[in-house]
Amino acid sequence: MACLGGGHVGVVRARRGGPDRVTETAEAHQRAAGRIFSRLVQSCPPGLEVLGEVDVTIDVRHRATVRAPDIVVAVEGDAELRAADVVLVVEVLSPGSRTTDLVAKRHDYAKAGIANYWIVDFEGTPRLEALTLVDGSYVGEWVTGVHTSDVPFAVTVDLDTLR
């Protein structure tokens, strides 16, 4: 580990005889999730709440299946957070979570009946896949630039400002 300046600590690797900073993917992930969280909180209507990295019970049968999305928008309440209370989950992709977020969680959230799933990807041009549950499967499209949605409430997210 090495100090990269500005108080940031990161990994420095030698490559071709010289140092090469390795991108701080965890820091970028947290920054993006935090900025989306802030936008959602600013737009969230009464009766709903925005939560970060909380356990959501996806399936209560036998051994409970629990997921911890980066961001959850749910009906306000004090009880255990169950999928039936969730109106939106947001996952910010990182190299270690791509397959889980794109395949496993997509399947789990759809099976649990979570109506909306946003997947944010920073590999290349920042983009967001806004998915809506239709007949048990997610449908949607990738957007770049500015994402404006009215589901589950009116909110605008400028993807280029999330880095």
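The values are calculated or read from the model by the stated rules, or taken from the named source; none is laboratory data. What you see is a predicted model; the values in this text were computed from it and never measured. Ideal geometry is used to build each Cβ from the backbone, glycine not excepted, and the neighbour counts take in all protein chains shown. Please note that ligands, DNA and RNA were not included when accessible areas were found on the heavy atoms of the full protein model with its side chains. Shrake-Rupley method; radii C 1.70, N 1.55, O 1.52, S 1.80 Å.
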Could you tell me how many of the residues in region 81-94 are acidic (D, E) and part of a strand (DSSP E or B)? 1
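For region 42-81, which positions are among the charged types (D, E, K, R) and closer than 18 Å to W118 by Cα? Write out each step before concluding.
Going through region 42-81, the residues among the charged types (D, E, K, R) turn out to be 49, 53, 55, 59, 61, 63, 67, 70, 76, 78, 80.
E49, E53, D55, R67, D70 - these are the residues of region 42-81 that are among the charged types (D, E, K, R) and closer than 18 Å to W118 by Cα.
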Please tell me if I119 is under 16 Å from the mean Cα position of the chain (by Cα), among the aliphatic types (A, V, I, L, M) and assigned to a loop (DSSP other than H, G, I, E, B). no
If you go through A64, A28, the only one that is at pLDDT below 95, farther than 25 Å from V151 by Cβ and in contact with a Phe, Trp or Tyr (Cβ under 9 Å, 6 or more places away or on another chain) is A28
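Based on what the data block shows, is R39 assigned to a helix (DSSP H, G or I), touching a residue at least 40 places away in the same chain (Cβ under 8 Å), open to solvent by 60 Å² or more (accessible area, probe 1.4 Å) and within 20 Å of D150 (Cβ to Cβ)? Don't jump to the end; show me each part of the working.
On the way: assigned to a helix (DSSP H, G or I): yes; touching a residue at least 40 places away in the same chain (Cβ under 8 Å): yes; open to solvent by 60 Å² or more (accessible area, probe 1.4 Å): yes; within 20 Å of D150 (Cβ to Cβ): yes.
Criteria met by R39.
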Leading residue by the ranking (most open to solvent (accessible area, probe 1.4 Å)) among those in region 145-163 that are of a type in the set (D, E, K, R) and either touching a residue at least 12 places away in the same chain (Cβ under 8 Å) or touching a Ser or Thr at 6+ places or on another chain (Cβ under 7 Å) (or both): R163
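Of all residues in region 122-163, how many are assigned to a loop (DSSP other than H, G, I, E, B) and more than 28 Å from T57 (Cβ to Cβ)? Don't jump to the end; show me each part of the working.
Just the residues of region 122-163 that are assigned to a loop (DSSP other than H, G, I, E, B), to begin with: 122-126, 135-136, 145, 150-154, 162-163.
Imposing the further condition that a residue be more than 28 Å from T57 (Cβ to Cβ) reduces the set to 122-126, 145, 154, 162-163.
Adding up the residues that qualify gives 9.
How about region 95-111: which of its residues are outside any helix (DSSP H, G or I) and open to solvent by 30 Å² or more (accessible area, probe 1.4 Å)?
First pass over region 95-111, keeping only residues outside any helix (DSSP H, G or I): 95-97.
Those that are outside any helix (DSSP H, G or I) and open to solvent by 30 Å² or more (accessible area, probe 1.4 Å): P95, G96.
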Condition check for V50: without any contact (Cβ under 8 Å) to a residue 24 or more places away in the chain, touching a helix residue (DSSP H, G or I) at 6+ places or on another chain (Cβ under 6 Å) and not in a helix (DSSP H, G or I): yes
Looking at region 116-144, which of its residues are in contact (Cβ under 8 Å) with a residue 24 or more places away in the chain and open to solvent by less than 40 Å² (accessible area, probe 1.4 Å)? N116, Y117, W118, I119, V120, D121, P126, L128, L131, Y138
What single numbered condition from (1) buried (at least 19 other Cβ atoms within 10 Å of the Cβ); (2) farther than 20 Å from T25 by Cβ fails to hold for D70? (2)
